[in-house]
Every structure is written in structure tokens, then in C-alpha cells.
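The values are calculated or read from the model by the stated rules, or taken from the named source; none is laboratory data. As the structure is a prediction and not an experimental result, all values here were calculated from the model. Every residue, glycine among them, receives a Cβ derived from its backbone with ideal geometry; neighbour counts consider all protein chains shown.
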Amino acid sequence: MRAEDREEPTDLRVRRGMATRDRLIDAARHLFGEHGYDGTSIEAILRAAGIQRGALYHHFDSKRAVYDAVLDRVIGEIAAQVADAARVTPDPAASLRAGCVAWLHLSLDPAIQRITLLDPPSVLGWKRAREIDAHHVLGGVRRTLHRAMAGRDRAPGEIDVLAHMVMAAVGEAALHIALSDDPQAALTAGEAAVDRLLTAVLTPD
């Protein structure tokens, strides 16, 4: 038997396993977005994904672990959309603004609100939620700030601190939108506030 023939069943199992994991994440994402973490049961995820309980526990040891994977995927997708919006201009300051505005607009989506803003602190805790944000977003914000502030005197580590501050400010503006009784008005106010903050950060002394 050829080596590639011996390896094919293992490769097939890996592909099937990844497909099952993706089905679980997709089903859970829809349910978490519609009903929230507390309103979604393991049984509902299994029904929506069309798989048995054993298959779920092969990939995830708890509903919390499923949620972690969902959040990681959604934040990754948001980061990609924000990066696309930021690439419309070569100017780094305008690019940073465009990316921040794109995230604020995405935060109008109730499913995104539940998955990325409302549930993470109680489900995963602040530290883990921040780790996921930083993994997908922090590097891009840091690189853009370096470009926007090139040639300026900076204290050691200043860009890193500013990158965290920008992320935190935009995240709080998004949360304000999610909690507002008038999301559109909150979006307008959030855009203005973030623009004012970025102007203060990016304007040379």
C-alpha cells in the first residue's frame, strides 16, 4: 500500500472533524446572536448543527468553550472588515478613522452586540475577551499609529499605550451604541467623539 493511501483516511477524518467543528460554531453563532449566551442551550446547538452530543464534546469541553470559539471567529471577521474599510485611503490618520467608524457601524447589529459586547464579560471574563480583541485588532491599530505618528518624538512604549487606549475608546463607544435607546443617535455621537479623540492623538504637538 502506498504511503499516500495509508494517510488518506486520517486526512479524511481531519477534514470531517474540522467540518463538524465549523458546523457547531456556525450554529452556535446564530443562536448566541439571536438569544444570547444564557438563552442558548447545548441541546439547541446540537439540534441546529445536526450532530450528536459526543461530537460536540470531541471539540469543546463546555458551552463556554463553544462561545470562546464563536467570539474568536466573529472578532476575526470584524477585524477583516475594519481592515478593508481602513485600506480605502493610504493616509494613515484617515485610515485609522475609517476603521474605527466601520466598527461603530457594525456595532448596530444586535447579533454582533450580543456576541462581542454584551455577553463576553460575564461569560469569558474581561481578560480573555481582551486577549481575543488584542489578537485580532491590536497589531493593526499599533501599525497604523506608528505610520500616522512617524517622525514625531515619542516616549518609549507610547504607541502601545495609545493603541490600547484607542481600542478601549472605540469599544466603549460601540457598547454605548449597543445599550442606547436610540442607536442611530448614539452612533452619530460616537463617531464625533472618536473623531475628536483621534484628532487629539494624531495632531502634532
Do the conditions hold for L71, that is, is it among the hydrophobic types (A, V, I, L, M, F, W, C), in a helix (DSSP H, G or I), touching a Pro at 6+ places or on another chain (Cβ under 9 Å) and surrounded by 14 or more Cβ atoms within 10 Å (Cβ to Cβ)? yes
Would you say A80 is without any contact (Cβ under 8 Å) to a residue 24 or more places away in the chain, closer than 30 Å to V166 by Cβ and crowded, with 18+ Cβ neighbours inside 10 Å? no
Which one is surrounded by the fewest Cβ atoms within 10 Å (Cβ to Cβ) among residues in the range 172-188 that are in contact with a Ser or Thr (Cβ under 9 Å, 6 or more places away or on another chain) and among the small types (G, A, S)? A178
What single numbered condition from (1) over 30 Å from T40 (Cα atoms); (2) free of Cβ contacts under 8 Å to residues at least 12 places away in the same chain fails to hold for E131? (1)
Of the residues that make up the range 38-56, is at least one free of Cβ contacts under 8 Å to residues at least 12 places away in the same chain, assigned by TED's automatic domain parsing to the domain that holds G171 and part of a helix (DSSP H, G or I)? no
Return a yes/no flag: does the range 155-171 have any residue that is assigned to a helix (DSSP H, G or I), in contact (Cβ under 8 Å) with a residue 60 or more places away in the chain and either surrounded by 14 or more Cβ atoms within 10 Å (Cβ to Cβ) or on the phi > 0 side of the Ramachandran plot (or both). yes
What single numbered condition from (1) at pLDDT below 95; (2) assigned to a helix (DSSP H, G or I) fails to hold for V88? (2)
Yes or no: the range 128-139 includes at least one residue that is at pLDDT below 95 and either over 12 Å from the mean Cα position of the chain (by Cα) or on the phi > 0 side of the Ramachandran plot (or both). yes
Within the range 95-118, is even one residue surrounded by fewer than 20 Cβ atoms within 10 Å (Cβ to Cβ), at pLDDT 95 or above, at positive phi and not basic (K, R)? no
Counting only residues that are part of a helix (DSSP H, G or I), aliphatic (A, V, I, L, M) and either under 17 Å from R29 (Cα atoms) or not assigned by TED's automatic domain parsing to the domain that holds A80 (or both), the range 111-145 contains a total of 8
